[in-house]
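These notes concern the structure reproduced below.
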Amino acid sequence: MMEVQILQDRAAVAAQAAQIVAAQIAQKPDCVLGLPTGETPIGMYDDLAEQCAAGKLDFSRVTTFNLDEYYPIAPEHPQSYRYFMNKHLFTRVNIPMEHTHVPGGQGDVDEQCRAYEQAIAAAGGIDLQVLGIGRNGHIGFNEPNDAPDARTHRVTLTENTIEANSRFFDSPDDVPRHAVTMGLGTILDARKILLLATGAEKFDAVHKLLAGKVDLSCPASVLLRHENVTILCDRAAFEGV
Ligand code: PGA
């Protein structure tokens with residue numbers, strides 16, 4: 001089942017997403033969350049941090065697994081996703097750092113991918129997976145035409161994604177050419193999925209998804225195979241203006 005909510009703007013999407021995550025934590029205080037990076041979830045993380053600071057939310061028993069990380073990149077690099085997560089969420093809430101997991105950006109990739117899958121399984125699987133969506137329909141770093149049943153693996157980034165992400169680096173040449181990502185199969189194993197889409201540049205990807213047919217040129221469309229998906233869209237992403 002796919003539920004689509006069209007909300008006024010980015011702020012409304014952030015508030016609603018934070019409410020859904022907070023409800024998950026309230027319902028199961030030791031839940032396992034799958035988390036995204038990118039511009040889209042920053043407002044949600046701000047809201048969650050505020051709720052935690054106000055004593056309304058307790059992350060002390062929560063475990064998290066991030067979707068992806070550049071490869072190669074050092075965790076202390078300001079553009080690494082580990083750095084992003086520490087800055088936007090982990091250092092602002094009461095989650096023990098050892099409960100937080102981000103795929104390894106260094107070392108033996110295959111071994112790290114195996115270990116990541118094992119760690120997710122050992123934690124009992126992901127209760128709620130939050131996702132952004134790329135302009136090309138990617139989720140995590142699963143680019144168009146990646147295998148729909150893939151587990152955590154190394155990918156080569158497309159030119160489209162390198163260009164989209166170069167805004168965070170000094171130049172496109174500085175963007176790592178590879179990444180480690182949960183596979184579409186890993187994502188589909190989550191019990192619930194929450195996808196956030198904001199901004200007119202997501203219009204095409206959102207409408208390919210809402211077309212209702214699995215089409216691997218839009219990786220997010222594999223979510224049609226999942227039975228519990230909520231999509232939060234702002235008007236710009238839904239209407240394209
Ligand atoms: P964004 O990235 O939130 O920065 O737009 C989303 C994505 O590429 O998955």
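The values are calculated or read from the model by the stated rules, or taken from the named source; none is laboratory data. Remember, predicted model here, so these are calculated numbers, not experimental data. Virtual Cβ from ideal backbone geometry, glycine too; neighbours counted across all protein chains shown.
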> Among the residues of segment 128-143 satisfying the criterion of being near the ligand (Cβ under 8 Å from one of its atoms) and assigned to a strand (DSSP E or B), which is surrounded by the fewest Cβ atoms within 10 Å (Cβ to Cβ)?
Replying inline: LEU131
>> Looking at GLN118, GLN79, GLN112, can you tell me which residue is assigned to a loop (DSSP other than H, G, I, E, B) and polar (S, T, N, Q)?
In response: GLN79
>> Looking at segment 100-115 only, could you name the residues that are in contact (Cβ under 8 Å) with a residue 40 or more places away in the chain and within 20 Å of CYS31 (Cα to Cα)?
In response: PRO103
> What number goes with the only condition from (1) within 14 Å of the ligand (Cβ to nearest atom); (2) within 22 Å of MET1 (Cα to Cα) that ASP146 does not pass?
Replying inline: (2)
> (1) surrounded by fewer than 18 Cβ atoms within 10 Å (Cβ to Cβ); (2) more than 24 Å from ILE133 (Cα to Cα); (3) of a type outside the set (S, T, N, Q); (4) modelled with pLDDT of 95 or more: which one isn't true of PHE59, the others all being true?
Replying inline: (1)
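Tally time: how many residues in segment 82-98 are within 17 Å of PRO36 (Cβ to Cβ) and assigned to a helix (DSSP H, G or I)? Can you show your working first?
Initial filter on segment 82-98 (within 17 Å of PRO36 (Cβ to Cβ)): 82-90, 92-93, 95.
With assigned to a helix (DSSP H, G or I) added as a condition, the list becomes 82-88, 90, 92.
Here the count works out to 9.
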> Where residues in segment 27-43 are over 16 Å from the mean Cα position of the chain (by Cα) and touching a residue at least 12 places away in the same chain (Cβ under 8 Å), which of them is farthest from LYS87 (Cα to Cα)?
Replying inline: LYS28
> What is the one condition in (1) in a loop (DSSP other than H, G, I, E, B); (2) more than 14 Å from THR37 (Cβ to Cβ); (3) more than 14 Å from the chain's Cα centre (by Cα); (4) within 16 Å of the ligand (Cβ to nearest atom) that VAL155 does not satisfy?
Replying inline: (1)
